């Protein structure tokens, strides 16, 4: 159970509530809402959106998470260099499961190198025009 207050500014006044419906304009009801979090790194979604995700799940809002990079540059020690992606993946899955998020996906673009992939995505089996494991408009 989330035990915190949500706030918004409305006509110069601060509105306080414990419910998402009071905070978001044009709220259609939890069953009709879908929060999608798109983040560069796996830890960003937990640190930056964890409380909002927890509240949304509690209120029955569908939550999806899309993580764009593979986390390969997030190691703290030289020993972690070869397995940091797996460590971060497992930690993130555990965190998302604790928050109640069931729908999540990684795009697995190399950490700190997304500018080289503008207009591209990691290729799947059967995709046309695969270059260096990617496909997309830039490969056409």
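Highest first, please rank the peptides 51-61, 114-124 by the mean number of other Cβ atoms sitting within 10 Å of their residues.
Result, highest mean first: 51-61, 114-124.
Between the Cα long axis of helix 42-58 and the first principal axis of the chain there is an angle of about 40°, rounded to the nearest 10. Within the chain, DSSP assigns beta bridges of which about 45% are antiparallel (rounded to the nearest 5).
The C-alpha atoms of the chain define a longest principal axis, and helix 84-99 lies at about 20 degrees to it.
The equivalent ellipsoid of segment 28-109 has semi-axes of 27, 11, 9 Å, largest first, where each one is the square root of 5 times an eigenvalue of the Cα gyration tensor.
Read the figures in this text as sums done on the coordinates, not as results from a lab. These figures come from a predicted structure and were not determined experimentally. Methodologically, a virtual Cβ is constructed for each residue, glycine included, from the backbone with ideal geometry; neighbour enumeration extends over all protein chains shown.
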